[in-house]
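Trainee: What follows is a single structure, and I will ask about it in a moment.
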Amino acid sequence: MKKRAIGAAVLSAVTVAALAFGTNSPTDAKAAKGVNNQKAKNVILFVGDGMGTDHRDAIRLAAVGANGKLAMDDMPAVGRVHTSSGNSFVTDSAAAATAMASGVKSYNGAIGVNMKGKPVQTVLEKAKLAGKTTGLVTTSQVTDATPAAFGAHVKDRSAQSDIAKQYLENSKIDVILGGGEDYWYTKGNEGAHSDAPPEDKTEGSKGTQGNLVNKAQKLGYTYVNNENELKYAKGTKLLGLFANEEMFQQAPEGQGDVYNPQVSLKDMTKKAINTLSQNKKGFFLVVEEEAIDEMAHNNNAELMIKAGKQLDDTVKMAKAYAKTHPDTLVLVTADHATGGLALEKVDNKDNDGDEVSKEDGPFAIAHSKEQFVADWTTEEHTSSDVPLNAMGAGSERFTGVYENTYLHDALLKAMNLK
């Protein structure tokens, strides 16, 4: 993720009011209708980065209409997650992912370390020790904050080459798919994706740990860098880097913004599942859609919604897998909300925007003649709770209202791991 300092927290009253999820505590979860208390052999955890309640609603209205249901919403277990970090009531992605992955609150910028900077073991690492295969899929850099916190331990999220090296040598993640090739090659040593491309001249190799792609290949990884190579890749260890940085260009609407990943989130996730599921002991897979957050930072509702639709399409595919593999747990949540988003009716008189945050739209509501506008109140993160939905084995543990650290504990219990 390109750097953004988190400014003053903005708590949208509209967003808070919209958070009408289940109010059960996690211990009341078995009362939820249709949830499953079976042991989870496989886990697929989706993280819509920056995706708060109103983001989901915008995606839903645009995709399936006011009376429709997204695949990510149509799950029996429903929860609400508090998102504060160890040093701020407004988290960044690093601290939030560390909380989910390791069960500890840490400072903003921390990757897999506690408040004192000491490494804390992650649920992915524990799954690996139990014999499961593991994977990370993202439209961001594969070494960006959210995936990194599940498979690495550094005091500062900016140490992306160190994170990549730890993936290979320490956590030994089996499948790694996404962007961020720049951190796998040193400066002046161009990879498959050209330095200083026309869409962003600032992109280029900047790694600090040597040729990590070559290192991965020596360790038995199949390396791919485009859609066709991914499609035909064989083996049980797979590294795919499909962009210099993120797999999209984040910007305000009409100012160079592009969301058209050369390999879709769905195709990357499908390949990851097919590869990881060769292991009879099961797998643990984290899948992130980063563009929801980055486009919200730019108050770009059009491409935020487009990215959200791709995430939902990917969730639909994963749910189909889980239905034929009932020992699979599928979860969808977020690390935090971004942009202070509220959805409103179109009103030409309501034009309270400024040069930073303003109304965006209008956007058509599917299967109706109505439209809505997205009213942004900030370009930064907010303190809002985020929704969580789950289905499949162990999903009963995720009904209720809880801290983001609870995800780590509940995932271990769902897989019956210590």
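Trainee: Taking a probe of 1.4 angstrom, what is the accessible area of Y223 in Å², to the nearest 10?
Mentor: My reading of the accessible area for Y223 is about 40 Å².
Trainee: By per-residue mean of other Cβ atoms within 10 Å, what is the highest-first order of 43-50, 203-210?
Mentor: 43-50, 203-210
Trainee: At q = 0.13, 0.20 Å⁻¹, what base-10 log of I(q)/I(0) does the Debye formula yield for the stretch 72-228 when every alpha carbon is treated as an equal point scatterer in vacuo?
Mentor: -0.65, -1.25
Trainee: Among L303, T328, A251, which residue has its Cα furthest toward the positive end of the charge dipole of the stretch 42-415, with +1 on Lys/Arg Cβ and -1 on Asp/Glu Cβ?
Mentor: Checking the options against the dipole of the stretch 42-415, the answer is T328.
Trainee: Need one number: the % of Cα-Cα pairs in the stretch 200-291 sitting beyond the 23 Å mark.
Mentor: So the pairs more than 23 Å apart make up 35 percent of the total in the stretch 200-291.
Trainee: To continue, here is another question. Would you mind checking the pairs K118/K413; K201/K309; K323/K418; K39/K323 and listing those with alpha carbons more than 19 angstrom apart?
Mentor: Over 19 Å Cα-Cα: K118/K413; K201/K309; K323/K418.
Trainee: Could you provide, to the nearest whole Å², the per residue accessible area of the chain with probe 1.4 Å?
Mentor: Accessible area per residue, the chain: 39 Å².
Trainee: Here is a further query. Ratio of alpha-carbon Rg to the 2.2 N^0.38 Å globular estimate for the stretch 35-93, to two decimals, please.
Mentor: On the way: Rg = 14.6 Å, N = 59, 2.2 N^0.38 = 10.4 Å.
That ratio works out to 1.41.
Trainee: To continue, here is another question. Using the Cα centre of the chain as the reference point, and only Cβ charges (+1 on K/R, -1 on D/E), how large is the resulting charge dipole? Debye, rounded to the nearest 20.
Mentor: Its charge dipole is roughly 2620 debye.
Trainee: Here's something else I'd like to know. Per the Cauchy relation, a quarter of the hull surface: what is the mean projected area of the convex hull of the alpha carbons in the chain, in nm²?
Mentor: Details: hull surface 75.3 nm².
Taking a quarter of the hull surface, the average projection is 18.8 nm².
Trainee: Would you kindly state how much longer the chain becomes between N214 and Q121 on full extension, computed as 0.36 nm times their sequence separation minus their alpha carbon distance, in nm to one decimal? Don't skip to the answer; put the middle values down first.
Mentor: Numbers: separation 93, 0.36 × 93 = 33.48 nm, distance 2.72 nm.
Length difference between fully extended and current span is 30.8 nm.
Trainee: Looking at the stretch 236-315, which trypsin sites (Lys or Arg not before Pro) are in a loop (DSSP not H, G, I, E or B) and have at most 13 other Cβ atoms within 10 Å?
Mentor: For trypsin sites (Lys or Arg not before Pro) across the stretch 236-315 that sit outside H, G, I, E and B with at most 13 neighbouring Cβ atoms in 10 Å, the list reads K280, K281.
The values are calculated or read from the model by the stated rules, or taken from the named source; none is laboratory data. Small disclaimer: the values here were computed from a predicted structure and weren't measured. Positions of Cβ are backbone-derived with ideal geometry, glycine not excepted, and every protein chain shown enters the neighbour counts. SASA here: full protein model, heavy atoms, side chains in, ligands and nucleic acids out. Shrake-Rupley method; radii C 1.70, N 1.55, O 1.52, S 1.80 Å.
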